[in-house]
Amino acid sequence: MHCLICSRPAKPIPAINQIASATACEHCGEWEASGPAIATLATMAGHQRMQALRHAQVNSFMGRRPFLHGLG
Ligand SMILES: [Zn+2]
């Protein structure tokens with residue numbers, strides 16, 4: 001699979017949040033997103049997806065994996 005944020009090769013990993021899908025990407029690190037957020041990511045431009053991940057990283061608790069949800 002490819003990372004939904006940066007489109008580079010990535011692999012699926014077990015999600016912490018039950019409603020989420022998690023991705024391990026060499027470029028973005030580990031992140032996860034809810035189903036609706038993934039659907040929204042698919043409609044966003046590359047820089048918007050990067051921005052959404054950055055936002056999730058800033059808002060994630062120390063040491064926690066960023067979780068993208070409630071986009072758009
Ligand atoms: Zn990535």
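Here, each number is a calculation from the coordinates, and none is a lab measurement. In this text the structure is predicted, and so the values were computed from the model without any measurement. Because the Cβ atoms are built from the backbone with ideal geometry, glycine has one as well, and the counts that use them run over all protein chains shown.
Condition check: in a loop (DSSP other than H, G, I, E, B), in contact with a Ser or Thr (Cβ under 9 Å, 6 or more places away or on another chain) and away from the ligand (no atom under 15 Å from the Cβ). Does Leu71 satisfy that? Please lay out each step first, then the result.
Values: in a loop (DSSP other than H, G, I, E, B): yes; in contact with a Ser or Thr (Cβ under 9 Å, 6 or more places away or on another chain): yes; away from the ligand (no atom under 15 Å from the Cβ): yes.
Yes; evaluated as a whole, the condition is true for this residue.
Within segment 18-72, track down each residue that is surrounded by fewer than 17 Cβ atoms within 10 Å (Cβ to Cβ), under 10 Å from the mean Cα position of the chain (by Cα) and aliphatic (A, V, I, L, M).
Selection gives Ala24, Met50.
For segment 3-15: of the residues being within 8 Å of the ligand (Cβ to nearest atom) and not small (Gly, Ala, Ser), which is surrounded by the most Cβ atoms within 10 Å (Cβ to Cβ)? Full working, then the answer.
Applying the first criterion (within 8 Å of the ligand (Cβ to nearest atom)) to segment 3-15 yields 3-8, 10.
Imposing the further condition that a residue be not small (Gly, Ala, Ser) reduces the set to 3-6, 8.
Details: Cys3: 20, Leu4: 21, Ile5: 26, Cys6: 16, Arg8: 11.
Step by step, filter segment 3-15, then rank; the result is Ile5.
Restricting the search to segment 16-44, which residues are more than 15 Å from the ligand (Cβ to nearest atom), among the small types (Gly, Ala, Ser) and either out of contact with any Phe, Trp or Tyr (no Cβ under 9 Å at 6 or more places or on another chain) or without any contact (Cβ under 8 Å) to a residue 12 or more places away in the chain (or both)?
Across segment 16-44, the qualifying residues are Gly35, Ala39.
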